[in-house]
1. Which distance in Å, rounded to a whole number, links the C-alpha centroids of the range 212-279 and the range 358-407?
2. Quickly rank 323-336, 441-454 as a protection proxy: mean count of other C-beta atoms within 10 Å, highest first.
3. At 1.4 Å probe size, with no ligands or nucleic acids counted, give the accessible surface of H403 in Å², nearest ten.
4. Counting only residues 5 or more places away or on other chains, whose amide H sits under 5 Å from the amide H of T266 once H atoms are built in the peptide plane?
5. Starting from the Cα-Cα distance between A313 and Q53, subtract it from 0.36 nm times their residue separation and give me the gain in nm to one decimal.
6. From the phi angles alone, apply the Karplus equation (6.51, -1.76, 1.60; θ = phi - 60°) to the range 78-86 and give each ³J(HN,Hα) in whole Hz, x where the residue is Gly or Pro.
7. Given points 7 Å out from each Cα along the Cα-Cβ axis, report the E352 to R419 separation in nanometres with one decimal.
8. Once you keep just the Cα pairs under 8 angstrom separated by 6 or more residues, what percentage relative contact order results for the range 336-380?
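The values are calculated or read from the model by the stated rules, or taken from the named source; none is laboratory data. This one's a predicted model, so the numbers in the text were calculated from it and none came from an experiment. Cβ atoms come from the backbone with ideal geometry, glycine included; neighbour counts cover every protein chain shown. Protein only, heavy atoms only, side chains kept; ligands, DNA and RNA dropped before computing areas. Shrake-Rupley method; radii C 1.70, N 1.55, O 1.52, S 1.80 Å.
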Amino acid sequence: MQVLKDKLHHIGHHHSPKLSHGDKRNGSKQKNKEEKRKGDKEDGGEVQWCFSQVKGTLDEDLTEADIVSTVEFNHDGELLATGDKGGRIVIFQKEEAPKGSQHYGEYNVYSTFQSHEPEFDYLKSLEIEEKINKIKWLKRRNASHFLLSTNDKTVKLWKISERCFAASNFNLRDDQGVPRNPEDVTSLRVPIFKPSELVVEASPRRVYANAHTYHINSISLNSDDETYLSADDLRINLWHLGINDQSYNIVDIKPANMEELTEVITAAEFHPIECSTFAYSSSKGTVRLCDMRQSALCDRHTKMFEEPEDPGARSFFSEIISSISDVRFSHSGRYMLTRDYLTVKVWDLNMESKPVEVYNVHDYLRSKLCSLYENDCIFDKFECVWNGNDGSIMTGSYNNFFHIFDRNDKQDVCLEASREFSKPRQILKPRRVAVTGKRKKDDITVECLDFSHKILHTAWHPQENIIAVAATNNLYLFQEART
């Protein structure tokens, strides 16, 4: 029970030219080679990563409000949004690469705005932080962009729009906004629009509040583009984007007596294709798949994914490190990705008994669990993401390390986000943590790891090999080294 209380304390993505008969055979071979090479790179097998950009303040200027708390690409990857502990959202826009360039275009600031402000719950005498927990982009339907952002209690829908025309020739005020004397208006003026400098405006369209008693840890948009879910520690609510004063409670695991509480909800996500299906993970290391067509309250799951525990390996920390901090469906909808403290697992939705793939992220920390418990690092919630074609997955670790696992050849590439290796187009060298007596030149020992520098939030461009990594107060962008 003490472990659960500790846990509750910390819980808060043509047409080819015709070939002549003599060229068809050679052209076909060349095309097959290029397609194979392209496929290999898309799967991550032959990708070499290079530094692209770093955004944010220097470490000596670090404040708590500057710490990045979420990162999210939009559906075509042209925009990248970050949220921080200060309640701010910064949106970056991808610029076109120079003609003939072998590199992707860079991301520059497109819009910055304050999404949430600190609040105070007078009924419970609790401060509500402005920290942005999650950002989710809506699919684009018109010239504007829309996104959902949430802190611990309130979800907001934001409209991001461009304005490049200014109105003038008003009747009751001049072009500078100074009011005119109505007696001086002797004729009717028709306002006119003139081209002006581009202005990006962020305006709140909906505020979805007062529906969660506990801290919101997840929001997920449905494939129907009309509804979304928000999840806290004990409940999941279903919202309609157009209705902000009413939601439906679809999961409730709160016991009648809180002393009987044995688990909490840690993450939830809608299936990318089937609009009635969603999954949520728990602190017990399980994932429940639910179908809203079965009943209004999904208190009974359709499937439950859980890996059997080895009784011989059980310890005081077993329950804590088995808690799932993130769950993500693959783009195809066939697989599910989960992250616990030490591993990343891939599950086939057709097989509940065990994961089809298991990747160790930092298994060398098993001997350090006691000290990690004392400094609260064992409660860190690492996220995980798929690449665009589900061939690779990425997740973070300590010392600003992050891992990219290739699902085809089962390779694990450990890379580091650091300003020391931030020269333009610099190829990232794989990093390695030495766990035995033999050390190579660039290896780092477990004792030398910096646990205050951690990669909790990552994002992968939905179509290209561009990744975004949040390292405390900095956002690092890496891309495929193209030749």
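1. Computed from Cα coordinates, the inter-centre distance equals 25 Å.
2. Final packing ranking: 323-336, 441-454.
3. Only protein atoms counted, so the area is about 10 Å².
4. Here S281, S282, S283 satisfy the definition.
5. Going from the current span to full extension adds 89.3 nm.
6. Computed from phi, the couplings for the range 78-86 are 6, 10, 9, 10, 10, x, 10, 6, x Hz.
7. Those two pseudo-labels are separated by 5.1 nm.
8. Once divided by the residue count of the range 336-380, the mean separation gives 29 percent.
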